[in-house]
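The values are calculated or read from the model by the stated rules, or taken from the named source; none is laboratory data. Just so it is clear, the model here is predicted, and its values are computed rather than measured. Ideal geometry is used to build each Cβ from the backbone, glycine not excepted, and the neighbour counts take in all protein chains shown.
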Amino acid sequence: MISFIISTVFGALLLSGPARAQANMFDPGWTMQPGQSVLNFQSVKNRVIVETGSFASLRGKITSTGDVTIEIPLESVDTKVDLRNVRMRFMFFESFKYPTATVTAKLDQAMLADLPKVRRKLMDIPVVLDLHGVRRQLETQAIVTLLSENSVAVSTSVPISVAVEDFGLTDGMEKLTEASGFEILPSAFVSFDFVFSRDGTAGLPDAAVIRQQVSLRNSAVELEGNLDYDACKGRFEILSRTGNIYFGSGSASLESDSLPLLSQVVDIVARCPGMTIEVGGHTDADGGAAANLTLSEARARSVTEHLISAGVDARRIRSVGYGEASPVAPNDTTRNKAKNRRIEFAVVER
C-alpha cells in the first residue's frame with residue numbers, strides 16, 4: 001500500500017515543476033509540504049470491514065535536474081490505534097529492518113510544459129518503488145493542479161489497488177491475520193493528496209484557497225518515554241509473533257539477522273521500568289522431548305545474555321525453556337514447525 005502511495009507522490013513532485021515559465025522549470029528545486037500532504041490506504045477485513053490508515057511523516061524532494069525522491073518513514077504508520085500501529089510496524093512492514101519506503105523517478109520538463117496554461121492535467125508517471133527490500137517499476141496516474149506560481153498539488157485520480165505479494169509482504173499479512181483473528185484482503189487501496197512548493201519562495205497561497213490545512217500528525221510515531229503495563233504487554237506479545245529471531249539448525253547461537261529486532265526489544269524493556277521480562281524458548285516436536293527442552297533453554301539463555309550485554313539489567317530478565325510443550329500450530333508441516341520454533345517475550349512481574 002505504501003509503495004503505491006509513494007509512487008503517486010512521485011507524480012506530484014514531477015508535476016510541481018512547471019509552475020513558472022523559465023528555462024529550467026525545476027530550478028532551484030521543489031519540496032513537499034508535509035502539513036498539507038496526505039497519504040491514505042484502506043484495507044478490508046472479513047470482506048466487509050473497511051479500515052483506513054495513513055502515514056504521519058512524509059518527505060519529498062525534486063531537484064533542479066528533475067530527480068525525484070519521496071520517502072515514507074514506515075514507523076509513522078497511523079491506524080488510530082496504538083497496538084495496531086505496532087503490529088503494522090513489526091509484523092507487516094518489519095520497519096526494524098526496512099525503516100523507509102522510497103520512490104524515485106526522473107522527470108522530463110517537456111511533459112509539464114503546458115501546465116501553466118491548462119492549470120490541471122492527468123498524467124501517467126513511471127516510478128521505481130523500493131519497499132521491504134523489493135524494487136519495482138510502477139506506472140501510476142495522478143491529477144496535477146497548479147495552485148500558484150510556486151505551489152502545486154498532486155492527487156490520485158482513483159484509488160489504487162496494491163497487492164502485498166508484489167513486495168514480499170505476504171508473510172507479514174499472514175502474521176497480521178493470525179494476530180487480529182480477521183481475514184484480511186491481501187491488497188490495499190491507496191490514495192494521496194500532496195502539495196509541493198518551490199524552494200526559496202514564500203510558499204503556499206492562503207490555506208482557504210487550497211484546502212483546510214492539515215497539521216502534521218506526530219501521534220503515530222512511537223512515543224518517547226516510559227510505557228504503561230498494557231502498552232508493554234501488548235508490545236512484547238507482538239514482538240513474540242514476528243519470527244525474526246534466528247538460530248542455526250539444532251544450535252543456540254544467535255544469527256546476525258536477529259540483531260535488528262533484539263535492538264527493539266532492548267529499547268522496549270528500558271521503557272517498561274519495574275517490570276520483569278521472561279524470555280521463553282520453544283521448539284518443534286522433531287527429535288526427543290528431553291533434547292528439545294535442553295535446546296529451548298539454551299536458546300532462551302542465548303537471547304537473555306545478548307540483551308544483558310546490550311544494557312538490560314540482569315535482575316529484570318529471566319530465561320525459561322519450554323521445549324515442545326507449548327506449540328502454536330500442529331507439527332505437521334514445515335511452515336507450522338517453523339512457527340513453533342520461536343522465542344517469546346512476556347511481562348511476568350509489574
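Just to be sure before I move on: is Gly168 touching a strand residue (DSSP E or B) at 6+ places or on another chain (Cβ under 7 Å) and at positive phi in the structure I sent?
In short, yes.
Mind counting the residues in the range 231-271 that are free of Cβ contacts under 8 Å to residues at least 24 places away in the same chain and either touching a Leu at 6+ places or on another chain (Cβ under 8 Å) or not in a helix (DSSP H, G or I) (or both)?
Residues meeting the conditions: 5.
Assess whether Ser7 counts as being modelled with pLDDT of 85 or more and either of a type in the set (S, T, N, Q) or within 16 Å of Pro126 (Cα to Cα) (or both).
Here the answer is no, as Ser7 does not meet what is asked.
Mind listing whichever residues of the range 107-119 are touching a strand residue (DSSP E or B) at 6+ places or on another chain (Cβ under 6 Å) and surrounded by fewer than 13 Cβ atoms within 10 Å (Cβ to Cβ)?
Arg119
Determine whether the range 283-299 contains at least one residue that is of a type in the set (Gly, Ala, Ser) and in a strand (DSSP E or B).
Looking through the range 283-299, none of the residues is of a type in the set (Gly, Ala, Ser) and in a strand (DSSP E or B).
Being assigned by TED's automatic domain parsing to the domain that holds Glu149, modelled with pLDDT under 90 and surrounded by fewer than 20 Cβ atoms within 10 Å (Cβ to Cβ) narrows it down to one residue among Thr79, Thr65; which is it?
Thr65
Considering only residues that are within 21 Å of Val348 (Cβ to Cβ) and within 24 Å of the chain's Cα centre (by Cα), which ones fall in the range 257-285?
Leu261, Leu262, Gln264, Val265, Val266, Asp267, Ile268, Val269, Ala270, Arg271, Cys272
Kindly evaluate Ser57 against the criterion of being within 23 Å of Phe196 (Cβ to Cβ), buried (at least 17 other Cβ atoms within 10 Å of the Cβ), small (Gly, Ala, Ser) and touching a Pro at 6+ places or on another chain (Cβ under 6 Å).
Taking the combined requirement at face value, the residue satisfies it.
Are there strands (runs of 3 or more DSSP E) fully within the range 122-165 with at least 1 residues that are among the hydrophobic types (A, V, I, L, M, F, W, C) and over 20 Å from Gly66 (Cβ atoms)? List them.
It comes to 134-148, 160-163.
Rundown of residues vs (1) over 24 Å from Leu227 (Cα atoms); (2) without any contact (Cβ under 8 Å) to a residue 60 or more places away in the chain, yes/no style:
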{"site": "Pro273", "(1), (2)": "no, yes"}
{"site": "Arg315", "(1), (2)": "no, yes"}
{"site": "Thr334", "(1), (2)": "yes, yes"}
{"site": "Glu344", "(1), (2)": "no, no"}
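Val347: over 24 Å from Lys175 (Cβ atoms), within 28 Å of the chain's Cα centre (by Cα) and crowded, with 17+ Cβ neighbours inside 10 Å, yes or no?
When the stated conditions are applied, Val347 does not pass them.
Tell me, please, whether a residue that is in contact with a Leu (Cβ under 8 Å, 6 or more places away or on another chain), basic (Lys, Arg) and within 26 Å of Ser256 (Cβ to Cβ) can be found in the range 283-300.
no
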